[in-house]
Every structure is written in C-alpha cells, then in structure tokens.
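Notes follow the structure.
The values are calculated or read from the model by the stated rules, or taken from the named source; none is laboratory data. Note that the structure is a prediction, hence the values are computed from the model and not measured. Note: ideal-geometry Cβ built from the backbone for every residue, glycine included; neighbour counts use all protein chains shown. Protein only, heavy atoms only, side chains kept; ligands, DNA and RNA dropped before computing areas. Shrake-Rupley method; radii C 1.70, N 1.55, O 1.52, S 1.80 Å.
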Amino acid sequence: MMYRLLSRLHRGLLSPSQRLTAPQTFFWLALSLAIALAYGLMAWQQAGTADYVIQDDARQHVFWMQRFINPDLFPGDLIADYFQSVAPAGYKTVYWVAAQVGIDPLAFHKILPIGLNLITAALCFGVSLQFLPIPFVAFIATVLLGQGLGLTDAIVSATPKAFVYPLLLLFLWVMQRRSPWGVAVAIALQGLFYPQLVFISAAMLPFQLVRWQYGRLWFTQSRGDRQLVLIGIGVAFLSLLPYALQTNDFGPTLTAAEARQLPEFSLEGSRSRYFYDDDPATYWLKGRSGLRFATALTPATNVLGLLLPGLMLLPKAFPLVRQIRETVACFDVARIALLPQMLAASLVMFGAAHILLFRLHLPSRYTQHSFRVVVTLAAAIALGLLIDGALRWGLSESPRSKGITGVKAIASLGITAALTILVLAYPALTAQFPITAYQTGTATELYELLQAQPPEALIASLSDETDNLPSFTQRSVLAANEYAIPYHQGYYTEFRQRVKDLIRAQYTTDASELAEIIERYGIDMWLLDRRAFEPAYVRDRPWIQPYEQEVNDALEVLKGEEQPVLATWARPRQVNAPRRCTMLRKRGLILLDADCVVEQ
C-alpha cells in the first residue's frame, strides 16, 4: 500500500505535461494564479479603507498623474514637471487610460498590483513549463517568485519597476519559443515601461548566434536564429533612440566626478547614497552600486538556486538530471541556456553602468531584478530534482520486499513533505508579509484645509509631512525629502538652491531675509513642526544634512539669544499678535499664512 501511495504521488507531482488543457497542467496553473491573487489581495488589504494612504515610491511617481483628472493642478511646479518628464511613455499611458474611465490615479495604484501579480504568475508558470515540462515544478516557481516579490515593494509600488517582472518573463517566454516578432514586441514593451531592460535583452541576443556542441562553440546555421537576433537588436535600437535624441529640460545627467562633489552621494543616511569608500563589500554587493545578488528572496530559494549546478552533476542520485540532459522532450538545452545568458547579459550591463555612471542610471538596476528571476527559476528546478530523487529512492526497492522498504517509503514521504512545506510555508514564518511600504497620512485637518486653497498655492516646510502633501492635497511644495533625486543637473541644481533658501529662511533672525525668500518663490503657506526650533530637530533631519553650511548656521542661531523670526509663531503663548497668521494648529503642526507673516 505504501509503495502504491508513493508511486501515485510521484506520478501526480512529476508527470510531464505541457498542454494547458491537460487536467494536471490546468490544476497547477489555477492553483498558481489563486496564490498570486491571494498575495495581491493581502497587499491591497494593507492599504485599507483610509482616505489618505499611498505607497512610498508612488509619492514620487504617481502624485503628478492627478493632472490627468484635473489639468489645472501643479501649475508651473518644478517637482511635478520633473517626475512627469522622466516617467516612461507606456507607464504614463496606463494611468492615463485609467483616468479616462474615471479611476483616480491614487486609487488605481492600489489595484494595479493585483493585475500585475496575476500576469507575472501566469508568465512565470509558462516560462518554467518550457524549461522543464512538469506543471508541479512550474507551480513551485510561481510560488517562489510570488514570495520573493512579497518581500519587496517592487510590484506593489505600481511604479515603472512594477512592470519589470512581467516584462522580463515575457521576453524569456518568446525567446523560448524562438519567435522573432514576439521578441520584437517584448523589447518594444520594455522600452515603453522600463528602458533598462532593453539593454539586458539586447545583450542576450548575440548569444543566440552560437551553440556549444561536441566540446566546442559553433556559429549557428539557423536562418531563424539570425533573423531573431537582427529583428531584436533593430527593435532595441529603435526603442532606445527616442531616449538618446530626447532633449530633457532637466538635464544633463550628473557625471561620476560631479557626484563625488555632492555629499548626498556619500553621506551616511542619505537616500541617494552611492559611494561607500570605507565599505567595499556594501559598494559591490548591497548598495545602489552593488549586484544585490538574490535580493529579497527567501532563504530556501537562495539555497535551492545555488544548489542547481551541483545537482546537475549527480545524475545517479537525481535521475531527472539525465532526462534534463538527454531528452529533448523533457528539457530543451537551448532554452535552459537562457538562464546563464541572462546572468551574463546582466553582468555586462552592470559593468557598463559603472563605466558610464548615471548615464545608464544605477548599476544595481541591471542585476537585482534579473537575478531574482533566474535564481527563482533555478530554485524550482532544483526542488523538482530533489523531490524526484527522494521519491525514486523510496520506490527503489521491489514492492514485494519487506523490512527496509517501509522505512524508505516513509522517509521518502517525509523528505518530500519537508521540502514542500519549507518552500510553501515561508510567509507564515516571517514577521511581515507582504511588504508594501504603504504610508498613511494622519493630518486630516491639514489636508482638507490645503485642498480648499487655490491650485497654484505653494507650501514651504522642512517637516516630514511635506512628503505627503502633493499626493493628499494636490498642492505644490517648495521642496521635500521625497523629491530630492539628484541625477539630473537641471532639476537638482534648482532643488538644492530651494532647500538652502528654505533652511536659511526658517532659521533666520532677519525679517527682511525671510520676506525676500517668501516673495522670490511665491510661497503662500509655511508649515512648521512644533519642535522645529529645537537643535535636535535640525540635527535629526537626514535629508538636510548635505547642506552643511546652512545647517551649521541654523544651529548657531538656535544656540544664541535671538530667536528666528518664524519661531514667534511656533511659540504663540509668548505673544498675542502673531496668532493672526496661524491658519491651523493641530497634531504638532502649525500652518502659517506667508503673506500675513511678511506683513507682520
């Protein structure tokens, strides 16, 4: 009986099938999509029903899209104009279409990840099935990738990086099918949503011109392969051409030498830190400059992915390896080569991004996503080998023999169950899953008051709450930590000057200097934290620490006897008249009418 159970389990889990209409394939695909949907709904549930919730990165990439609903919003806004200019065309189009059917961008960014999760799961299942036509292994690949993505906010952000995984998997799928026009479509979509992927795909194409046979490399004689490469590279060139020819009002891009001069790229705690001169391991492995190998994958996925090359050397212990090597019906060697090819292409672009620093954006963009896909697919195959080996070991004795057979069968079942549970149960073992980085605004009275102001209203503040204001109030801010992105000189030069003036104005004791800055920028309101004039407040704001001179000057003022002009409104009990300029005092926040302050 135990032998029959083991035999049925082996057939049920590891029987090959590629037809979607086959009951076995359909079952595992349906289960994969159900789990992907569950993960997506778990993330969506974290957004809750609160009125003021937004994903962290969406505060940069989505807030300005409220212009699709009301074109009068953010008039002449440096920050909104910049993020609109750098948003990929395909990404903007998706939100524009949603807005045309009446879906607000801030609402759409919460539901879009559910659809992307399902598309990613379906593509992952299909890609895995082409590598190894065992539906159970494809199911495992889908679950592992879903778990890995649940440990990062990539898809839940609903920003351009949310489209990386379906686009990478789509490219692998059409490459497996050797479809030239499918490759063309996949690369074109990459260019529309996440152009860095085009470089990885283009770098993979030359590998299709060579084959390893009889112990040496051969150039392919296949006309189809040559056509695939030529069409793919041609579409890649056309996809990147608009970016090369485009004149950016906020350019040019910083060079490595210029970045070295900015403390934002070296200062500890800076959101844009890139250089780690005192920590080479972080620089090459973890930071924005690093490989980020297998970032945010589960420990089981990492271990299994690294095990695969070793398992492939043990065909006697893991008989499925022999099928992988020898049986085209079970495993296409040209297809599996896509995994190391993607790794190689990613490393090539990683090196190029270091050499051409910031012109190809950040080096980690070329490895962290593709590595996650490759390691996940490798881990699923490795787990399939291990489970197959364990079950075959349990079936290795004759069903008529006695004694050890029962022990081996039970041990075999135990190993299979342990491996499966280890992989599938990981979300229940971690403290937070999925990670969403949703931000909840609590200053409801402030948001409602600012929403009632004219669309051209401009708010100045050093408060952390300023990060939320463009999203929750649809009103412009002079500067905020969330928008301190230093890669384009035309944008960041002006942004830096704004922050310098903002610090100077908030802590100046000269009323005329404060009035001059308010009038220069057309500031309508000034938002203060209750603790804004304590030295610890200035020291504890990491995003203003790169402005060393202004921060030191502010601290010197706070140590002196003469208080800053704006401190008068932060401590209203000291005098009576300044209360006239206070528009709101709530939850430790003080909103001032800037015109009233100038008059005073």
* When the residues of the range 190-238 are filtered to those that are open to solvent by 60 Å² or more (accessible area, probe 1.4 Å), out of contact with any helix residue (DSSP H, G or I) (no Cβ under 6 Å at 6 or more places or on another chain) and in a helix (DSSP H, G or I), which remaining residue is nearest to Leu360 (Cα to Cα)? -> Phe237
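Conditions tested, residue by residue: (1) over 17 Å from Ser461 (Cβ atoms); (2) touching a residue at least 40 places away in the same chain (Cβ under 8 Å); (3) part of a helix (DSSP H, G or I).
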position: Gln497; (1), (2), (3): no, no, yes
position: Ile517; (1), (2), (3): no, no, yes
position: Leu527; (1), (2), (3): no, yes, no
position: Tyr537; (1), (2), (3): no, no, yes
position: Glu550; (1), (2), (3): no, yes, yes
* Can you pull out the residues in the range 499-515 that are more than 25 Å from Tyr82 (Cα to Cα), touching a residue at least 12 places away in the same chain (Cβ under 8 Å) and in a helix (DSSP H, G or I)? -> Gln506, Tyr507, Ala511, Leu514, Ala515
* Structure fact -> When Thr21 is run through (1) of a type in the set (Ser, Thr, Tyr); (2) open to solvent by 40 Å² or more (accessible area, probe 1.4 Å); (3) over 22 Å from Pro470 (Cβ atoms); (4) not in a loop (DSSP other than H, G, I, E, B), the failure sits at (4)
* Asked: Mind checking whether some residue in the range 72-93 is without any contact (Cβ under 8 Å) to a residue 40 or more places away in the chain, farther than 19 Å from Phe163 by Cβ, touching an Asp or Glu at 6+ places or on another chain (Cβ under 8 Å) and hydrophobic (A, V, I, L, M, F, W, C)?
  -> no
* Structure fact -> Inside the range 294-315, the number of residues satisfying the requirement of being part of a loop (DSSP other than H, G, I, E, B), under 19 Å from Ile435 (Cβ atoms) and not polar (S, T, N, Q) is 3
* Structure fact -> Among the residues of the range 421-432, the number that are part of a loop (DSSP other than H, G, I, E, B) and open to solvent by less than 30 Å² (accessible area, probe 1.4 Å) is 0
* To do: Looking at (1) out of contact with any strand residue (DSSP E or B) (no Cβ under 7 Å at 6 or more places or on another chain); (2) touching a residue at least 24 places away in the same chain (Cβ under 8 Å); (3) not hydrophobic (A, V, I, L, M, F, W, C), find the lone condition where Thr253 falls short.
  => (1)
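Criterion first (in a helix (DSSP H, G or I), β-branched (Val, Ile, Thr) and without any contact (Cβ under 8 Å) to a residue 40 or more places away in the chain) does Val143 satisfy it?
Criteria not met by Val143.
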* Among what's in the range 36-57 and is open to solvent by less than 40 Å² (accessible area, probe 1.4 Å) and part of a helix (DSSP H, G or I), pick the residue that is farthest from Ala443 (Cα to Cα). => Ala36
* Within the range 449-474, which residues are of a type in the set (A, V, I, L, M) and either open to solvent by 40 Å² or more (accessible area, probe 1.4 Å) or touching a Phe, Trp or Tyr at 6+ places or on another chain (Cβ under 7 Å) (or both)? -> Leu449, Ala452, Leu458, Ala460
* To do: Assess whether Thr444 counts as being within 30 Å of Val538 (Cα to Cα), in contact with a strand residue (DSSP E or B) (Cβ under 6 Å, 6 or more places away or on another chain) and either crowded, with 18+ Cβ neighbours inside 10 Å or polar (S, T, N, Q) (or both).
  => no
* Asked: Is at least one residue of the range 65-75 under 23 Å from Thr442 (Cβ atoms) and either open to solvent by 60 Å² or more (accessible area, probe 1.4 Å) or in contact with a Leu (Cβ under 9 Å, 6 or more places away or on another chain) (or both)?
  -> yes
